[in-house]
Amino acid sequence: MILLLITFIVGVLILLKCADIFVDGASTLATRFGVSSIIIGLTVVAFGTSLPELVVSTGAAIAGNANIALGNVIGSNVFNIAFILALCSVLAPQVWNKEQQKEQIQGIILMFVATAVFIVLSLNGIVSHIDAGILLLVFAAALFTIWRLSKKRDDFDNREKTTEPVKGYRDIWMTILGLAGVIVGAQMVVSSAEQIALLLGVSDFIIGITIVAIGTSLPELVTSVVAVLKGEFAISVGNILGSNLFNALAIVGASAAILPLNVPGTIDLVFLAIFTVAVLPFLTGRAFITRAWGGVFLIGYLGYILYYVGFFGF
């Protein structure tokens, strides 16, 4: 038990330090290529921090455990919105200017489409091989849309750019090494926490809905919080929106391509839909509303967890 606790603490420390390096590298990377922070968040940061979900879900599919593969994605997406984005909004509510608000709307629309496609394909109780192909095609279309958005931003910035280009490759190495450290740290935390929970007699289901889903989202959590504390709120938001898009389309698509995924019940999809749509007040860009919204979401997430552990008795 002592060794597990030490591993857990060391993992957390690695997560915190490497997330700090990762955010610095990603922020400078955005400057190097003249790409907005939210685009970097939607792609490099989001897809990078979603690697644990990809490994866990596809690994579960290969092992024949469809419930973990699908439950991990649904649980992670709810956690990303209802806890991580909500927490960041409480810590540092951001007031958007017109251009930033436009980019946020575009990112949220992409996340809405990704979530909607995933939910619709899941309503018949199974995500088949054909559904997997559809999800991966939609993911490719989403990537193309993000690329188009970044190109439009480049054209706008090229007319007004006054900053010196970033020289060297330190930012690229910081991003890669920081991300690698975040993933290693997350794995240490998840595996040790899983073992501790088993020793304490916690059921496999509770471990799956909490430690697996939340644990694979630790890179998003730490990266987003560190980004907010560094004033890089756009990276934080882009990270959440892009991660949910990647989870719903690429990860479910890849997992279902390996093994058709049975959907246990519609209640999970209903929760995901409610939390996703409830992001809309966040677009107001008003500090008071954003902070209040974050507080309500944190309470809502607590209720979500209590529901799954049977606290309400139904």
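The values are calculated or read from the model by the stated rules, or taken from the named source; none is laboratory data. Only a predicted model underlies this, so the values are computations on that prediction, with no experimental measurement involved. Quick reminder, even Gly has a Cβ in these numbers, built from the backbone with ideal geometry, and neighbours come from all protein chains shown.
Just a few scattered comments:
- If the condition is being touching a Phe, Trp or Tyr at 6+ places or on another chain (Cβ under 8 Å), assigned to a helix (DSSP H, G or I) and either buried (at least 23 other Cβ atoms within 10 Å of the Cβ) or modelled with pLDDT under 75 (or both), then segment 41-52 contributes Val45, Ala46, Gly48.
- Restricting attention to segment 97-148, the residues that are buried (at least 18 other Cβ atoms within 10 Å of the Cβ) and of a type in the set (Ser, Thr, Tyr) add up to 2.
- Hits in segment 287-305 - residues which are closer than 19 Å to Ala234 by Cα and either loosely packed, with under 15 Cβ neighbours inside 10 Å or of a type in the set (Val, Ile, Thr) (or both): Ala287, Phe288, Ile289, Thr290
- Looking across segment 62-82 at every residue that is out of contact with any strand residue (DSSP E or B) (no Cβ under 6 Å at 6 or more places or on another chain), surrounded by fewer than 24 Cβ atoms within 10 Å (Cβ to Cβ) and among the small types (Gly, Ala, Ser), the one that is farthest from Asp268 (Cα to Cα) is identified as Ala63.
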